Amino acid sequence: MAIKFQYNKTSLQQLEKQLKVRERALPTIKSKESALRMEVKRTKDEVKALELQLEREIHGYDNMVALWNEFNPSLIKVKDVHLSSRKIAGVMVPVLDEIEFEIGRYSLFNAPSWYTEGIELLKKLARTGIEAEFSGLKLELLEHARKKTTQKVNLFEKVQIPGYRDAIRKIKRFMEDEESLSKSSQKIMRANQEKRKQKEEAES
């Protein structure tokens, strides 16, 4: 990124101001990036754990396959999912608060004795599946924010801050050269005036 500037004092002051803003902001952005990195790792572990738990729960019910054939799956459905949101390292993420299930009517006398237990097992499976989905969504949001923060750190650290410093250095060097050139010119002018004066005095 080429930084536009002019070789004058106003441009120098503006660049110094921009540089200070970025130098002050960099530690904050870096600590945010670090917090997001940790949170992303923690959420990845959380997603993995929930996926494994879901797998274990599904395999745990393999021996009940014959019984499930007697079960009416329309007896249970997810009625509502209650959500809230909270900030994690400055990023708003959804939080799963509660899952409401709707249980259909069935006869306790005519239905197999394990129906009630079956409904509870399905609730448990659904809850784990929904939790895994939400953790995945949270991971996506955190990963996106982490990437954007890393890009900003790199932009400040590797592009803008060195660019502003370089531009400031160039302006200062130019102004110093201009000043020493001006002083040299003044010296030469004074010396010439002195010579002319001495010449005039010698002639008179």
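The values are calculated or read from the model by the stated rules, or taken from the named source; none is laboratory data. Since we're looking at a predicted model, the values are computed, not measured. Reconstructed Cβ throughout: ideal geometry from the backbone, glycine too, with neighbour counts over all protein chains shown. All accessible areas refer to the heavy atoms of the entire protein, side chains included, with ligands and DNA or RNA removed. Shrake-Rupley method; radii C 1.70, N 1.55, O 1.52, S 1.80 Å.
Looking at the square roots a ≥ b ≥ c of the eigenvalues of the Cα gyration tensor of region 82-165, which shape do they give, rounded for a/c under 1.5, prolate if a/b is larger than b/c, or oblate? Since a/c reaches 1.5 and a/b is larger than b/c, the shape of region 82-165 is classed as prolate.
The Cβ shell under 12 Å around R190 holds other residues with a net charge of +4, Lys and Arg each +1, Asp and Glu each -1. With the whole protein complex present, Y106 retains an accessible surface near 70 Å², based on a 1.4 Å probe.
Accessible area per residue (1.4 Å probe, heavy atoms of protein chains only) ranks S135, S34 as S34, S135, with the largest value leading. Relative to the longest principal axis of the Cα atoms of the chain, helix 115-154 runs at roughly 10 degrees. Legend: distances between Cα atoms for K32/K124; K41/K87; K158/K183; K77/K147; K87/K123; pairs beyond 26 Å are K32/K124; K158/K183; K77/K147; K87/K123. For Rg/Rh (Cα atoms, Kirkwood Rh), the value calculated from this model appears in [x] 0.95; [y] 1.01; [z] 1.51 under label [z].
Indicate the gyration tensor shape class of region 21-137 (rounded, prolate or oblate), computed on the Cα atoms with a ≥ b ≥ c the square roots of the eigenvalues: a/c under 1.5 is rounded; otherwise a/b larger than b/c is prolate and the rest oblate.
prolate
Quick check: the distance between the Cα centres of region 31-48 and region 144-194, to the nearest angstrom? The distance from the Cα centre of region 31-48 to that of region 144-194 comes to 40 Å. Computed over neighbours whose Cβ is under 13 Å from that of E51, the net charge equals -3, Lys and Arg +1, Asp and Glu -1.
Taking every alpha-carbon pair under 8 Å whose residues sit at least 6 apart, the chain reaches a relative contact order of 35 percent.
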